[in-house]
Amino acid sequence: MFDLMRPYVIITNLMTLIWFVVLQYYRFKDTGRACAGEFLTPQKLPGNYGTVYLVQQGQWLKYYVITHYVIYII
């Protein structure tokens, strides 16, 4: 059974690794950081800050990446 499933497990692991690399690329690219509102200073926050910028999603993705690296190290 393991020999039958081995290619599928390898493909799934490679796809997960590729997805994780692409996630980091787009999240920490300048456009991803701008969408998360990382370039704004507290003095220049617009009134519609929560509806225009994806702050919560950006923070979640950052913590997700950090958690994966901590798990990989452990």
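Laboratory data are not the source of any read-out in this text; all were calculated from the coordinates shown. On a predicted model such as this, the values are computed, not experimentally measured, just so you know. When we count neighbours, we look across all protein chains shown, and the Cβ atoms used for this are built from the backbone with ideal geometry, even at glycine.
Please find, within region 1-17, the residue that is farthest from TYR53 (Cα to Cα) out of those that are of a type in the set (A, V, I, L, M) and part of a helix (DSSP H, G or I). Before you say what the answer is, go through the steps one by one.
Within region 1-17, the subset of a type in the set (A, V, I, L, M) is 1, 4-5, 9-11, 14-15, 17.
Pick out the ones that are also part of a helix (DSSP H, G or I) and you get 4-5, 9-11, 14-15, 17.
Numbers: LEU4: 46, MET5: 43, VAL9: 37, ILE10: 37, ILE11: 35, LEU14: 32, MET15: 29, LEU17: 27 Å.
Only one residue tops the list, namely LEU4.
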### Query
Taking region 40-54, which residues are of a type outside the set (Ser, Thr, Tyr), surrounded by 10 or more Cβ atoms within 10 Å (Cβ to Cβ) and over 16 Å from TYR26 (Cβ atoms)?
LEU40, LEU45, PRO46, GLY50, VAL52
